[in-house]
Amino acid sequence: MFNLVVKHILPGMGLFFYFVLHFNCKFAPLLKHYQTQLPTTDILVRGDSGFATPEVYDVCEANDVFYIIRLKRNRKLQNLAEKFVKISDQTQWQEKETHYYSEIYQSASWPKPRQIYIKSTRVAGELIFSHEFIVTNLTNLTAETAFELYHKRSQMENYIKDLNCKIK
(Lines give C-alpha, C1' and ligand atoms only; values in the text may rest on other atoms or scores of the structure.)
Protein backbone atom coordinates (compact mmCIF):
# COMPACT_ATOMS: atom_id res chain seq x y z
CA MET A 1 0.00 0.00 0.00
CA PHE A 2 1.09 3.52 -0.72
CA ASN A 3 -0.58 6.42 1.06
CA LEU A 4 -1.36 9.76 -0.50
CA VAL A 5 -2.23 12.12 2.28
CA VAL A 6 -3.87 15.39 1.36
CA LYS A 7 -3.67 18.11 3.99
CA HIS A 8 -6.28 20.83 3.64
CA ILE A 9 -6.42 23.86 5.91
CA LEU A 10 -9.87 25.42 5.99
CA PRO A 11 -9.69 29.23 5.83
CA GLY A 12 -10.06 30.79 9.26
CA MET A 13 -10.54 27.45 11.02
CA GLY A 14 -7.01 26.07 11.19
CA LEU A 15 -8.32 22.50 10.92
CA PHE A 16 -6.46 19.75 9.13
CA PHE A 17 -8.26 17.08 7.15
CA TYR A 18 -6.48 13.98 5.98
CA PHE A 19 -7.71 12.08 2.98
CA VAL A 20 -5.99 8.77 2.56
CA LEU A 21 -5.99 7.20 -0.84
CA HIS A 22 -4.44 3.92 -1.90
CA PHE A 23 -2.83 3.69 -5.25
CA ASN A 24 -0.06 1.87 -7.03
CA CYS A 25 2.02 3.10 -9.96
CA LYS A 26 -0.19 5.46 -12.03
CA PHE A 27 -0.86 8.33 -9.67
CA ALA A 28 0.00 11.40 -11.76
CA PRO A 29 -3.63 11.78 -12.97
CA LEU A 30 -4.80 11.47 -9.37
CA LEU A 31 -2.42 14.21 -8.31
CA LYS A 32 -3.65 16.46 -11.12
CA HIS A 33 -7.27 15.78 -10.16
CA TYR A 34 -6.73 16.84 -6.55
CA GLN A 35 -4.74 19.88 -7.58
CA THR A 36 -7.64 20.92 -9.83
CA GLN A 37 -10.36 20.19 -7.26
CA LEU A 38 -8.49 21.58 -4.25
CA PRO A 39 -6.08 24.19 -5.62
CA THR A 40 -5.10 25.54 -2.18
CA THR A 41 -4.33 22.08 -0.82
CA ASP A 42 -0.83 20.82 -0.10
CA ILE A 43 -0.41 17.19 -1.07
CA LEU A 44 2.01 14.95 0.80
CA VAL A 45 2.93 11.49 -0.49
CA ARG A 46 4.29 9.17 2.19
CA GLY A 47 5.58 5.75 1.24
CA ASP A 48 7.68 2.87 2.44
CA SER A 49 10.90 1.79 0.75
CA GLY A 50 9.05 -0.26 -1.86
CA PHE A 51 8.14 3.03 -3.51
CA ALA A 52 11.57 4.64 -3.26
CA THR A 53 12.12 5.10 -6.98
CA PRO A 54 13.31 8.07 -9.03
CA GLU A 55 10.06 7.83 -11.02
CA VAL A 56 7.95 8.50 -7.91
CA TYR A 57 10.15 11.44 -6.89
CA ASP A 58 10.07 12.85 -10.43
CA VAL A 59 6.26 12.66 -10.69
CA CYS A 60 5.87 14.37 -7.33
CA GLU A 61 8.38 17.08 -8.18
CA ALA A 62 6.88 17.67 -11.64
CA ASN A 63 3.46 18.14 -10.03
CA ASP A 64 4.63 20.33 -7.11
CA VAL A 65 3.70 17.60 -4.64
CA PHE A 66 5.59 16.96 -1.39
CA TYR A 67 6.93 13.48 -0.67
CA ILE A 68 8.61 11.69 2.21
CA ILE A 69 9.66 8.12 1.47
CA ARG A 70 11.73 5.60 3.38
CA LEU A 71 14.94 4.38 1.75
CA LYS A 72 16.30 0.85 1.98
CA ARG A 73 19.62 0.58 3.74
CA ASN A 74 22.63 0.03 1.56
CA ARG A 75 26.37 0.16 2.10
CA LYS A 76 26.72 3.73 0.82
CA LEU A 77 23.97 5.04 3.14
CA GLN A 78 25.34 3.01 6.07
CA ASN A 79 28.80 4.51 5.56
CA LEU A 80 27.34 7.99 5.32
CA ALA A 81 25.42 7.54 8.59
CA GLU A 82 28.44 6.09 10.38
CA LYS A 83 30.41 9.26 9.61
CA PHE A 84 27.99 11.18 11.84
CA VAL A 85 28.14 8.77 14.80
CA LYS A 86 30.45 9.97 17.55
CA ILE A 87 31.47 7.82 20.50
CA SER A 88 33.39 9.30 23.37
CA ASP A 89 34.60 8.43 26.87
CA GLN A 90 31.43 10.12 28.14
CA THR A 91 29.07 7.78 26.23
CA GLN A 92 26.39 6.46 28.58
CA TRP A 93 26.23 2.86 27.33
CA GLN A 94 23.35 1.94 29.64
CA GLU A 95 21.08 4.56 28.02
CA LYS A 96 19.40 4.52 24.62
CA GLU A 97 20.75 7.10 22.16
CA THR A 98 18.98 8.58 19.14
CA HIS A 99 20.50 11.16 16.84
CA TYR A 100 19.15 12.84 13.72
CA TYR A 101 21.08 14.12 10.73
CA SER A 102 20.41 15.87 7.45
CA GLU A 103 22.40 15.43 4.27
CA ILE A 104 22.21 16.05 0.53
CA TYR A 105 22.67 12.69 -1.17
CA GLN A 106 22.64 11.33 -4.70
CA SER A 107 22.04 7.68 -5.39
CA ALA A 108 23.56 6.29 -8.57
CA SER A 109 20.04 5.84 -9.97
CA TRP A 110 18.96 9.45 -9.29
CA PRO A 111 19.49 12.14 -11.90
CA LYS A 112 20.13 14.73 -9.20
CA PRO A 113 20.95 15.02 -5.47
CA ARG A 114 18.08 15.01 -2.98
CA GLN A 115 17.53 15.78 0.69
CA ILE A 116 17.79 12.76 2.97
CA TYR A 117 17.33 12.53 6.71
CA ILE A 118 19.03 9.96 8.89
CA LYS A 119 17.91 8.58 12.26
CA SER A 120 20.63 6.73 14.18
CA THR A 121 19.59 4.73 17.24
CA ARG A 122 21.68 2.76 19.70
CA VAL A 123 19.76 0.51 22.07
CA ALA A 124 20.81 0.68 25.74
CA GLY A 125 23.65 -1.75 26.39
CA GLU A 126 24.50 -2.18 22.70
CA LEU A 127 27.61 -0.92 20.93
CA ILE A 128 26.31 -0.46 17.38
CA PHE A 129 23.84 2.08 16.00
CA SER A 130 21.08 1.13 13.59
CA HIS A 131 20.12 3.69 10.96
CA GLU A 132 16.91 4.67 9.18
CA PHE A 133 16.82 6.82 6.05
CA ILE A 134 14.15 8.90 4.33
CA VAL A 135 14.25 10.98 1.17
CA THR A 136 12.09 14.06 0.76
CA ASN A 137 11.61 17.32 -1.05
CA LEU A 138 10.65 18.93 2.28
CA THR A 139 14.00 20.59 2.80
CA ASN A 140 13.02 23.06 5.52
CA LEU A 141 12.37 20.46 8.22
CA THR A 142 14.61 19.32 11.01
CA ALA A 143 15.59 15.67 10.67
CA GLU A 144 13.60 14.81 13.81
CA THR A 145 10.47 16.51 12.46
CA ALA A 146 10.86 14.70 9.13
CA PHE A 147 10.90 11.32 10.91
CA GLU A 148 7.88 12.28 13.03
CA LEU A 149 6.02 13.18 9.85
CA TYR A 150 7.05 9.96 8.12
CA HIS A 151 6.05 7.78 11.08
CA LYS A 152 2.51 9.18 10.97
CA ARG A 153 2.19 6.96 7.90
CA SER A 154 1.48 3.95 10.13
CA GLN A 155 -1.28 5.89 11.90
CA MET A 156 -2.95 6.43 8.53
CA GLU A 157 -2.68 2.72 7.74
CA ASN A 158 -4.47 1.96 11.01
CA TYR A 159 -7.30 4.35 10.03
CA ILE A 160 -7.60 2.53 6.71
CA LYS A 161 -7.74 -0.88 8.42
CA ASP A 162 -10.48 0.40 10.75
CA LEU A 163 -12.43 1.75 7.79
CA ASN A 164 -12.07 -1.52 5.86
CA CYS A 165 -13.37 -3.48 8.87
CA LYS A 166 -16.43 -1.22 9.13
CA ILE A 167 -17.20 -1.56 5.42
CA LYS A 168 -17.16 -5.38 5.47
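The values are calculated or read from the model by the stated rules, or taken from the named source; none is laboratory data. Predicted, not measured: the structure shown is a model, and the values here were computed from it. Backbone-built Cβ (ideal geometry, glycine too); neighbour counts: all protein chains shown. Heavy atoms of the whole protein, side chains included, go into the accessibility calculation; ligands, DNA and RNA do not. Shrake-Rupley method; radii C 1.70, N 1.55, O 1.52, S 1.80 Å.
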Are any residues in region 111-140 within 14 Å of the chain's Cα centre (by Cα) and without any contact (Cβ under 8 Å) to a residue 12 or more places away in the chain, and if so, which ones? Asn140
Any pair with Cβ under 8 angstrom, 6 or more apart, that starts in region 27-44 at a residue that is within 12 Å of Val65 (Cβ to Cβ) and ends at one that is outside any loop (DSSP other than H, G, I, E, B) and charged (D, E, K, R): Thr41/Lys7; Asp42/Lys7; Ile43/Lys7; Leu44/Lys7
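Quick check on Glu132: is it modelled with pLDDT of 90 or more, touching a helix residue (DSSP H, G or I) at 6+ places or on another chain (Cβ under 9 Å) and either open to solvent by 50 Å² or more (accessible area, probe 1.4 Å) or not polar (S, T, N, Q) (or both)? Steps first, answer last, please.
Numbers: modelled with pLDDT of 90 or more: yes; touching a helix residue (DSSP H, G or I) at 6+ places or on another chain (Cβ under 9 Å): yes; either open to solvent by 50 Å² or more (accessible area, probe 1.4 Å) or not polar (S, T, N, Q) (or both): yes.
So Glu132 passes the test.
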Kindly list, by first and then second residue, each pair from a residue in region 86-109 that is free of Cβ contacts under 8 Å to residues at least 40 places away in the same chain and farther than 25 Å from Thr142 by Cα to a residue that is exposed (fewer than 11 other Cβ atoms within 10 Å of the Cβ) and among the small types (Gly, Ala, Ser), limited to pairs with Cβ atoms under 7 Å and residues at least 6 apart or on different chains. Trp93/Gly125; Gln94/Ala124; Gln94/Gly125
